[in-house]
């Protein structure tokens with residue numbers, strides 16, 4: 001590979017045309033040397049020396065064309081490149097789909113050759129988990145939707161191999177790889193939603209970042225995240241992120257609150273502004289770590305009945321409190337800071353009027369009033385719009401009776417620039433040929449998309465230093481930063497007196513009974529630990545006689561249960577009716593409502609993307625979750641209550657992972673615990689640092705907690721918090737020692 005760093009003293013020694021060199025190490029894409037000369041990376045094309053400067057000969061014609069000249073603005077370069085592109089290349093720009101590395105990072109047996117060479121695609125979603133140990137390539141492991149587990153270096157090598165294919169194309173347009181956020185604790189990763197950290201540095205979930213920032217009184221915890229995430233994403237070649245969610249956590253039943261930061265629009269606006277500053281460095285430029293695609297415009301928080309529009313029964317988005325403008329605040333802040341891309345959600349605005357405009361009841365991505373009139377014309381957004389995956393073929397809410405081409409044309413004409421989940425440029429070409437989309441609209445989308453690749457510096461050097469990746473991903477300095485923010489995120493909700501002192505902090509030497517924790521971790525803090533975890537029935541040791549019990553509580557919606565949902569089976573059960581419609585839960589699936597256009601049922605993948613069965617979405621108290629089919633507590637509520645009886649509730653420390661704002665209901669008995677800690681994705685070490693007093697708790701609640709289940713069911717989905725009479729802990733609450 002050719003890597004050129006030219007300074008004036010060396011320019012005279014560079015030939016007018018530098019031939020292809022052997023493969024070698026790569027500097028960071030878009031990096032500049034001290035004289036302003038970008039680092040040039042090439043494998044199959046030459047490097048030109050013009051007027052003492054180095055340029056990548058992207059089209060291989062032996063002369064410097066304007067789009068190859070980094071001295072020109074991105075707009076000037078796009079204006080030169082666009083007329084050189086074929087219709088197929090422009091159409092390919094508008095597609096993005098998953099392109100995972102093969103086993104051990106191999107390029108073979110992937111779709112790379114077709115996507116790059118035939119479909120002319122330049123945007124890909126790279127979902128492989130990067131772990132310290134890769135999957136075996138002996139046939140014993142079958143890749144799932146997220147592909148094989150590979151090492152960070154293998155991920156980078158795959159990225160470089162695809163970039164080499166793109167470079168070899170006639171115009172040498174580089175690829176842009178994206179993924180969802182990776183640098184967060186995740187006990188229930190879901191395809192297309194959020195993945196596990198793997199070898200990447202682990203911070204708390206988004207609500208934990210908000211809790212830490214509230215406690216710190218500034219954005220320092222978030223800046224720690226962006227510094228580490230930016231370096232790690234860039235190291236493996238991920239220059240785009242489908243994140244973050246600017247949605248507000250105002251509807252506690254919505255399972256995607258686990259990816260939201262807070263219910264407070266002003267705090268969220270500050271967070272979004274800081275994310276753009278930390279990850280993009282403001283408007284996109286060659287020094288940007290990644291380009292952000294914030295979601296889900298115009299705010300996916302107020303979901304009707306707390307259900308999600310990945311599913312046909314959750315397509316409605318409602319604003320009973322008239323808070324449409326409140327949910328726009330974080331997006332406005334991000335746009336003003338220079339946000340590069342936006343993703344609308346699947347949802348349909350139900351009876352929504354804003355500033356005199358009543359929005360059509362179409363999915364947001366199909367709604368020109370939203371994507372063009374509001375986002376671009378009113379808010380001044382200048383970047384590109386990326387659809388959510390499956391918006392055309394599956395979740396075309398409001399257009400269920402239309403053909404796939406009609407749906408695609410509606411989205412593009414509404415203002416969507418790139419269609420996620422599509423990988424055939426014929427889709428776009430046919431729309432133009434049929435007159436459903438004008439070629440000028442395709443050109444407009446391609447122009448917006450190309451600007452990102454130019455601004456990121458990918459046309460100069462799209463390659464990464466694969467050999468150096470292992471020294472970056474998860475290095476000790478980064479892990480220390482992640483651990484620090486985990487500790488900062490923990491919120492002390494309750495700490496009762498036990499004799500002359502409060503239960504926490506726990507002094508070393510205590511006899512401690514634990515559940516949901518590692519015994520060795522506990523003993524490392526000087527405690528005499530009894531491990532209460534068990535596998536065989538009736539094998540749990542008693543907690544009686546211990547000085548304290550520490551129980552980590554986590555709640556999930558187990559896929560082994562929820563994947564069983566089918567529209568014409570569970571969804572057709574007349575004993576379970578949707579209270580909103582009076583019909584079965586499957587009645588709104590397009591295969592039922594519009595079978596001629598939709599032979600396959602959208603929801604027949606089960607609850608793949610997360611959440612409980614829809615008829616159990618209201619069961620957010622610990623008592624109701626314990627008896628529900630699609631909620632799972634670990635340890636079980638029965639075990640927690642038994643331990644509290646054995647040792648005494650006043651000696652029990654509960655560390656509850658609030659993936660959603662669960663209800664600590666009176667009947668569960670959990671409020672009687674001596675101490676209650678709210679966590680948002682932390683390790684045992686972070687938790688024990690707080691429990692032991694090595695680190696004083698400082699986190700503050702990023703959302704309010706209700707005191708009874710009825711408060712959640714009856715609240716307005718677009719309004720933060722609860723009336724005082726329904727509030728157990730308010731937004732911003734948090735104790736310390």
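The values are calculated or read from the model by the stated rules, or taken from the named source; none is laboratory data. None of these values were measured; they are calculated from a predicted model. Positions of Cβ are generated from backbone atoms using ideal geometry, with glycine treated the same way; all protein chains shown enter the neighbour counts.
When the helices (runs of 4 or more DSSP H) confined to the stretch 144-240 are screened for residues that are touching a residue at least 40 places away in the same chain (Cβ under 8 Å), touching a strand residue (DSSP E or B) at 6+ places or on another chain (Cβ under 6 Å) and closer than 15 Å to residue 275 by Cα, those reaching at least 1 such residues are found at 220-236. Scanning the stretch 708-731 for residues that are touching a helix residue (DSSP H, G or I) at 6+ places or on another chain (Cβ under 6 Å) and surrounded by 18 or more Cβ atoms within 10 Å (Cβ to Cβ) returns 711, 722. Restricting the first member to the stretch 270-286 and to residues that are within 16 Å of residue 232 (Cα to Cα), and the second to residues that are at pLDDT 95 or above and assigned to a helix (DSSP H, G or I), the beta-carbon pairs closer than 6 Å and six or more apart or on different chains are 278/223; 278/226; 279/226; 279/230.
When residue 610 is tested against the conditions (1) crowded, with 19+ Cβ neighbours inside 10 Å; (2) under 30 Å from residue 695 (Cα atoms); (3) within 26 Å of the chain's Cα centre (by Cα), the lone failure is (2).
Residue 522 falls short of the stated requirement of being outside the structural domain of residue 391 (by TED's automatic domain parsing) and under 26 Å from the mean Cα position of the chain (by Cα). Could you grab me the full set of residues in the stretch 658-678 that are closer than 17 Å to residue 549 by Cα and in a strand (DSSP E or B)? Residues satisfying the conditions are 675, 676, 677, 678. State whether one or more residues within the stretch 511-519 are more than 30 Å from the chain's Cα centre (by Cα), part of a loop (DSSP other than H, G, I, E, B), at negative phi and without any contact (Cβ under 8 Å) to a residue 24 or more places away in the chain. Scanning the stretch 511-519, I find no residue that is more than 30 Å from the chain's Cα centre (by Cα), part of a loop (DSSP other than H, G, I, E, B), at negative phi and without any contact (Cβ under 8 Å) to a residue 24 or more places away in the chain, so the answer is no. For the subset of the stretch 365-390 comprising residues that are within 19 Å of the chain's Cα centre (by Cα) and under 26 Å from residue 455 (Cβ atoms), which member is surrounded by the most Cβ atoms within 10 Å (Cβ to Cβ)? Ranking the candidates gives 365 first.
Residue 108 meets each of the listed conditions (1) out of contact with any helix residue (DSSP H, G or I) (no Cβ under 7 Å at 6 or more places or on another chain); (2) modelled with pLDDT of 95 or more; (3) closer than 30 Å to residue 422 by Cβ apart from (2).
Is it fair to say residue 646 is surrounded by fewer than 18 Cβ atoms within 10 Å (Cβ to Cβ) and over 21 Å from residue 206 (Cβ atoms)? Spelling it out, it is not the case that residue 646 is surrounded by fewer than 18 Cβ atoms within 10 Å (Cβ to Cβ) and over 21 Å from residue 206 (Cβ atoms). Counting the residues of the stretch 286-303 that are over 13 Å from residue 453 (Cα atoms) and assigned to a loop (DSSP other than H, G, I, E, B) gives 5.
Condition (residue is buried (at least 24 other Cβ atoms within 10 Å of the Cβ), modelled with pLDDT of 95 or more, under 17 Å from the mean Cα position of the chain (by Cα) and part of a loop (DSSP other than H, G, I, E, B)) applied to the stretch 262-285: is it met by at least one residue? Yes, the stretch 262-285 contains at least one residue that is buried (at least 24 other Cβ atoms within 10 Å of the Cβ), modelled with pLDDT of 95 or more, under 17 Å from the mean Cα position of the chain (by Cα) and part of a loop (DSSP other than H, G, I, E, B).
Of everything listed in (1) in contact with a helix residue (DSSP H, G or I) (Cβ under 9 Å, 6 or more places away or on another chain); (2) outside any loop (DSSP other than H, G, I, E, B); (3) surrounded by fewer than 23 Cβ atoms within 10 Å (Cβ to Cβ), the single unmet condition for residue 695 is (2). Just one of (1) on the phi > 0 side of the Ramachandran plot; (2) surrounded by fewer than 19 Cβ atoms within 10 Å (Cβ to Cβ); (3) modelled with pLDDT of 95 or more fails for residue 426. It is (1).
Yes/no per residue for (1) touching a helix residue (DSSP H, G or I) at 6+ places or on another chain (Cβ under 6 Å); (2) crowded, with 22+ Cβ neighbours inside 10 Å; (3) outside the structural domain of residue 400 (by TED's automatic domain parsing):
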site	(1), (2), (3)
574	no, no, yes
581	no, no, yes
589	yes, yes, yes
595	no, no, yes
598	yes, no, yes
634	no, no, yes
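Table: residues versus (1) within 36 Å of the chain's Cα centre (by Cα); (2) within 18 Å of residue 677 (Cβ to Cβ); (3) surrounded by 19 or more Cβ atoms within 10 Å (Cβ to Cβ).
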site	(1), (2), (3)
490	yes, yes, yes
500	no, no, no
534	yes, no, no
551	yes, yes, yes
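Checked against the criterion of being touching a helix residue (DSSP H, G or I) at 6+ places or on another chain (Cβ under 9 Å) and under 25 Å from residue 387 (Cα atoms), the candidates 245, 219 yield just one match: 245.
Would you mind stating whether residue 21 is at negative phi, touching a strand residue (DSSP E or B) at 6+ places or on another chain (Cβ under 6 Å) and modelled with pLDDT under 95? Answer is yes for this residue.
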